[in-house]
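Structure record follows, encoded as structure tokens.
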Amino acid sequence: MRITSWNFLHGQPLKPPVADPSRLEKPNGPQVAEQRYAGAVQTLESDLIALQEVDLYLERSGIENQSSAVAKIMGAAYWGFAPAISGTPGVKWRKLKSDEQLVITDSNIGQVKELGSYGIAIISKDPVKSWLRLELGRSVIGMPLLIGNEKGKLAMLYVKDEPRVAIAAVLENGWTVINTHLSFVPLMNIYQLFKLSRWATSIEREYSTKVILLGDFNLPGGIPSKLTSWKRATQSLSYPSWAPKISFDYILMRQEHLAESEEVITPDLDISDHRAISIDL
């Protein structure tokens, strides 16, 4: 079973320098948007992909359900999307209402078609027994960040922090995969990491399952493994995608389960400012 974590950047081609400006044109529909990243998803050859920075029915990504689209490309029967905000980050968004804090799947997508949102997702070929969600809160302050712009280059912008969430897929095969995208604000992401670790431990006990924690932790230098009992199953640098120098993205496991995994070096994909990271179980 191959498991991948990838900050998806809503499927945006972004690999400076951009030789062909047409690659950055806005998609004009779901099929056009999906074609942009179909090859990249297929190249990963994954059985389960955990995505961060995923869109649901947002104009910038062709008003598509990106989680469902990736599932279709993979040939996966199971997908779950956890919205973090309603609206488009960096443009106009609002906090979710309490009844919007859910995991959206095939079974309930018909009830939330009007919720244009942004968040995280898990797509799996292996059957999912249960979907779980955890609210992680947000920092009241933002920070200046290097953000990829429409010219395919990095620009310094002040960014407000958004509410953060985690999503768990309890699989029938005895594993549980927990995906998250932690805050970029120092200390807040540490607080969220500890909260996430406690939640993972409670899932281990309640479901008698082996847990994998993964995602974009916004913490460099292996900090998640240094502060918790979860150990790195991957060592690859992931950011920026065109010349990786930092580890922001992690796949973490209990020490006793590391021997069951092997890191897979993923190819350099022409999507996102993060590289995907993978393991084989």
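Ranked by the mean number of other Cβ atoms within 10 Å per residue, highest first, peptides 47-57, 267-277, 192-202 order as 47-57, 267-277, 192-202. Rg/Rh for the stretch 2-280 to two decimals, with Rh computed the Kirkwood way over all alpha-carbon pairs. Checking Rg against Rh, the ratio lands at 0.93.
With the biggest extent put first, the Cα atoms of the stretch 49-143 measure 39, 28, 27 Å across the principal axes.
Work through the residues other than Gly137 whose Cβ is under 12 Å from its Cβ and net out their charges, Lys, Arg +1 and Asp, Glu -1. Kindly include the intermediate steps, with their values, before the conclusion.
Numbers: positive: Lys95, Arg138, Arg164, Lys195; negative: Glu135, Asp161, Glu162.
Local net charge: +1.
Net charge within 14 Å of Asn218 by Cβ-Cβ distance, Lys/Arg positive one each and Asp/Glu negative one each, not counting Asn218 itself? Its environment carries a net charge of -4.
Over the chain, dividing the summed -39,500 (n - 2.57) contributions of all DSSP H runs of at least 4 residues by the number of residues returns a 222 nm mean residue ellipticity of -5500 deg cm²/dmol.
Spin-label model, Ile141/Gln101: points 7 Å from Cα along the beta carbon direction are separated by 2.5 nm. Distance between the 7 Å Cα→Cβ label points at His257 and Tyr191: 2.8 nm.
Once you charge only the Cβ atoms, +1 for Lys and Arg and -1 for Asp and Glu, what is the size of the charge dipole of the chain about its Cα centre, to the nearest 20 debye? Intermediate values should be presented prior to the final figure.
Details: 30 positive and 31 negative charges, 159 e Å.
For this selection, approximately 760 debye.
Among residues other than Glu260 with Cβ under 12 Å from its Cβ, the summed charge is -1 (Lys and Arg +1, Asp and Glu -1). Listed by chain and number, the aspartates and glutamates placed with their C-alpha closer than 20 angstrom to that of Lys125 are Glu34, Glu45, Asp47, Asp106, Glu172, Glu260, Glu262, Glu263, Asp280; residues fewer than eight positions away on the same chain are left out. Legend: distances between Cα atoms for Lys92/Lys231; Lys97/Lys231; Lys160/Lys231; Lys97/Lys226; Lys72/Lys129; Lys97/Lys129; pairs beyond 28 Å are Lys92/Lys231; Lys97/Lys231; Lys160/Lys231; Lys97/Lys226.
Quick one: check the C-alpha center-to-center distance for the stretch 46-116 versus the stretch 204-222, whole angstrom. Centre-to-centre (Cα) distance: 21 Å.
Taken together, the values in this text are just the output of simple stated rules run on the coordinates, not laboratory data. Please read all numbers here as calculations on a predicted model, not as lab measurements. In this analysis, Cβ positions are derived from the backbone assuming ideal geometry, glycine residues included, and neighbour counts consider all displayed protein chains.
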